[in-house]
Amino acid sequence: MCGIVGYIGQKNTKEILLEGLKELEYRGYDSAGIAVLQDGDFTNYKAVGKLVNLEEKTKDFVTESFAVGIGHTRWATHGKPTELNAHPHLGESSYVVHNGIIENYASLKKELTQKGVTFLSQTDTEVIVHQFEKNLKNSPDTFEAFSKTIKELQGAYAILLVTKSEPDTIYFAKHGSPMLVGVNKENEKYFASSDTPLIGHCQKVNYFEDGDYGYVTPDETAIFSKNGTKKEPHFCELSQNKLSAQKNGFRFFMEKEIYEQREVIADTLMGRLSEDAILFDELESSLFEGIKEIKLCACGTSYHSALCASYLFERYSKIKTSVEIASEFRYRKPIMTKDTLFIVISQSGETADTLETLKMAKEAGLKTLVICNVDNSSMVRLAEASILTRAGIEKGVASTKAFATQVVVFWMLSLYLAKLTNALEKSEIAKQIALLREVPASCAVTDNMHERIKRLSKRYLHGHGFFFIGRDIFFPLALEGALKLKEISYLHAEGYPSGEMKHGPIALADPELFTIALLPQHLLYEKSKSNVEELSARDSTICAISPLEFDKADDFIPISTCRDYMLEFFEMMVVVQLLSLEISVRLGNDVDMPRNLAKSVTVE
Ligand code: F6R
């Protein structure tokens, strides 16, 4: 959550910081700020709301010579989204930006207040800069004061600090929140909490590891590990492909990403399918030795894809599978046995709760695998093995293509395991692989489909709620459809198993209750149909999504006639994504940056 940037160099520091923050704005956008130290003096700007407000405020600020700068875009955790709570936070002669949570901030704040320090904000972050300045008063050396400060902090953080006592230096610390530093031939130094702001500026980057802290000057990158020993930076090549981060003529990133699913799924499949086997070069077969059970753990949309996986793993691989919500799992003292393969799923690879469950599983000695979209992310670096989803940068806060590629990876993994466990005949695996090859086409958005959904969307802007219903693997799709709608339309929506309606929820049925019914032809069609008929009989307004015309529906969105329920799954996925998008557009909402949300949730 939140985005951090930093820069040391001769170029236009203000522009570099603002451009970097623009790349990270999707991570948090309730306020933003920058602090620049130039010719011995600080200049600081903060603004509430989106980055354009900060751009407007800084339009007359010029940075032309050597400067050191830090910037932040915020998603509020402690304290309201106000200018005073926006980062960077000021001490007497230093500024700090921080991503994460300082868990012991209350006790530190109490001590500092008793010593006469005045706090301006309600944030946990502000203690860092005051604690540092307190330590600096008692120490001849700035780095020593910074190191001492870091050792006094508990919680998760990525921190950048600049101070007048060392005007060409940025101090950094990373524990639990992502951060990297990049260098280039012009001897500039760039910091950020993810690699996108560095693309085009740096060729080589060092991803900090948990516990790393140190300082960077124009001539030196000094990194220390948790125990205080100095270590060599580990610079690797930064991919320079930024094209995928632009809108390509679509109205919104989310729309572009829905349309892109066809290509990214093809990328996800590339090189991983043979006639009758799934090839995951990244996996050692030893990962599965002695495994009797699979446990999947994730949050939000990734949790929904994990639920999909549980149907596929039990059906095709015949392996007992359970699914957990990461924020629940981490605190319920779960039983973890070594014959369980622990799989975490995350688009970002940085979600705090999911990351924590991965650490727990590792500590308990379980074999671990991550399904992730971001190479080099914290989870990829931590897990024993990883499969990358290859969805490309996902900018819309509401996840679409990441979900699609996760489900594809799970489908492939279920067949990979089916082969290892001899759970499926060779011919059945070959049949499934042939189906997998058809998924990109099933995700193509046709003009007809999009136009129809656009037109229908005007009938779904009010009412007292939506039920998305489906059976089997269409139940997690229903959950995902409801989540998409909630996130960007702010309308109340729930996902339910179709067969569960009569056990309570059907009491809500009336014409103002909208039911989005997922009716695949190839999976429990008759049973799902009777569940929808029950709702129709109670006058709920029904929108059926199916290849088969359904006369009890008020509205009907046809999908094409496919030869398998999984192909129907992907077509319906596109329909529910587009429906949410078009409803949100009609309601005038910010599709890509919905209120109260952030792209990467690196706080618990
Ligand atoms: C919803 C959405 C979130 C994320 C969740 C986990 O559209 O994007 O629910 O799925 O915050 O994030 P990752 O997958 O990055 O771990």
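Conditions (1) in the same structural domain as Pro197 (by TED's automatic domain parsing); (2) modelled with pLDDT of 90 or more; (3) under 30 Å from the mean Cα position of the chain (by Cα); (4) at positive phi, marked per residue:
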site	(1), (2), (3), (4)
Ala32	yes, yes, yes, no
Asn53	yes, yes, yes, no
Lys80	yes, no, yes, no
Glu92	yes, yes, no, no
Tyr105	yes, yes, yes, no
Kindly provide the set of residues from the stretch 565-604 that are among the charged types (D, E, K, R) and either within 15 Å of the ligand (Cβ to nearest atom) or buried (at least 18 other Cβ atoms within 10 Å of the Cβ) (or both), ordered by number.
-> Glu568, Glu571, Glu582, Asp590, Asp592, Arg595, Lys599, Glu604
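Between Phe132, Phe66, which is at pLDDT 95 or above, touching a helix residue (DSSP H, G or I) at 6+ places or on another chain (Cβ under 6 Å) and in the same structural domain as Tyr190 (by TED's automatic domain parsing)?
Checking each option against the conditions leaves just Phe132.
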Can you tell which of Ser346, Ser310, Ser327 is of a type in the set (Gly, Ala, Ser), in contact with a strand residue (DSSP E or B) (Cβ under 6 Å, 6 or more places away or on another chain) and within 14 Å of the ligand (Cβ to nearest atom)?
-> Ser346
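Output the residues belonging to the stretch 191-232 that are buried (at least 18 other Cβ atoms within 10 Å of the Cβ), under 21 Å from Ser147 (Cα atoms) and of a type outside the set (A, V, I, L, M). Show your work before the answer.
First, pick out the residues of the stretch 191-232 that are buried (at least 18 other Cβ atoms within 10 Å of the Cβ): 191-199, 201-202, 205-208, 212-216, 223-224.
Of the ones still in play, those that are also under 21 Å from Ser147 (Cα atoms) are 191-193, 206-208, 212-216, 223-224.
Across the stretch 191-232, the qualifying residues are Phe191, Ser193, Asn206, Tyr207, Phe208, Asp212, Tyr213, Gly214, Tyr215, Phe224.
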Hand me the list of strands (runs of 3 or more DSSP E) wholly inside the stretch 280-349 holding 1 or more residues that are among the aromatic types (Phe, Trp, Tyr).
-> 340-346
Can you work out which of the residues in the stretch 407-426 that are in contact (Cβ under 8 Å) with a residue 60 or more places away in the chain and of a type in the set (S, T, N, Q) is farthest from Phe280 (Cα to Cα)?
-> Thr421
Of the residues that make up the stretch 261-272, is at least one in contact with a Cys (Cβ under 6 Å, 6 or more places away or on another chain), within 16 Å of the ligand (Cβ to nearest atom) and either assigned to a helix (DSSP H, G or I) or in contact (Cβ under 8 Å) with a residue 12 or more places away in the chain (or both)?
-> yes
Could we say that Val96 is touching a His at 6+ places or on another chain (Cβ under 8 Å) and either under 26 Å from Asp210 (Cα atoms) or surrounded by fewer than 21 Cβ atoms within 10 Å (Cβ to Cβ) (or both) here?
-> yes
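For Ser536, are the conditions met, namely being more than 19 Å from Asp472 (Cα to Cα), touching a residue at least 60 places away in the same chain (Cβ under 8 Å) and assigned by TED's automatic domain parsing to the domain that holds Ile453? Steps first, answer last, please.
Details: more than 19 Å from Asp472 (Cα to Cα): yes; touching a residue at least 60 places away in the same chain (Cβ under 8 Å): no; assigned by TED's automatic domain parsing to the domain that holds Ile453: yes.
Answer is no for this residue.
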Count of residues meeting criterion [among the aliphatic types (A, V, I, L, M) and more than 12 Å from Arg330 (Cβ to Cβ)] in the stretch 340-363 = 3
If the Cβ limit is 7 Å and pairs must be 6+ apart or interchain, which residue in the stretch 278-305 that is in the same structural domain as Ser327 (by TED's automatic domain parsing) and modelled with pLDDT of 95 or more pairs with which residue that is among the acidic types (Asp, Glu) and within 10 Å of the ligand (Cβ to nearest atom)?
-> Cys299/Asp353; Thr301/Glu480; His304/Glu480
Residues in the stretch 363-413 that are out of contact with any strand residue (DSSP E or B) (no Cβ under 9 Å at 6 or more places or on another chain), within 10 Å of the ligand (Cβ to nearest atom) and part of a loop (DSSP other than H, G, I, E, B) total 6
Close pairs (7 angstrom Cβ cut-off, 6 or more residues apart or separate chains): within 22 Å of Glu533 (Cα to Cα) and away from the ligand (no atom under 13 Å from the Cβ) in the stretch 479-503, part of a loop (DSSP other than H, G, I, E, B) and among the charged types (D, E, K, R) anywhere = Pro497/Arg471; Ser498/Arg471; Gly499/Arg471
Mind checking which residues of the stretch 248-260 are within 16 Å of the ligand (Cβ to nearest atom) and either part of a helix (DSSP H, G or I) or among the aliphatic types (A, V, I, L, M) (or both)?
-> Phe253, Met254, Glu255, Lys256, Glu257, Ile258
Those residues that are more than 15 Å from Ile516 (Cβ to Cβ) and over 23 Å from the mean Cα position of the chain (by Cα), I need them from the stretch 570-586; list them, please.
-> Arg586
Looking at (1) more than 29 Å from Thr337 (Cβ to Cβ); (2) within 16 Å of the ligand (Cβ to nearest atom), which is the one condition that is false for Lys454?
-> (2)
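When you go through Gly499, Gly504, Gly465, Gly495 one by one, which is the residue that is of a type outside the set (A, V, I, L, M, F, W, C) and either closer than 21 Å to Ser305 by Cβ or not assigned by TED's automatic domain parsing to the domain that holds Arg563 (or both)? First the steps, then the outcome.
Working: Gly499 fails: either closer than 21 Å to Ser305 by Cβ or not assigned by TED's automatic domain parsing to the domain that holds Arg563 (or both); Gly504 fails: either closer than 21 Å to Ser305 by Cβ or not assigned by TED's automatic domain parsing to the domain that holds Arg563 (or both); Gly465 fails: either closer than 21 Å to Ser305 by Cβ or not assigned by TED's automatic domain parsing to the domain that holds Arg563 (or both).
Testing whether each residue is of a type outside the set (A, V, I, L, M, F, W, C) and either closer than 21 Å to Ser305 by Cβ or not assigned by TED's automatic domain parsing to the domain that holds Arg563 (or both) leaves just Gly495.
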Note on the stretch 537-562: residues in a loop (DSSP other than H, G, I, E, B) and over 17 Å from Gly470 (Cβ atoms) are Arg538, Asp539, Glu549, Asp551, Asp554, Ser560, Thr561
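The values are calculated or read from the model by the stated rules, or taken from the named source; none is laboratory data. These numbers come from a predicted model, not from an experiment. A quick note on method: Cβ atoms are made from the backbone with ideal geometry, for glycine too, and the neighbour counts reach across all protein chains shown.
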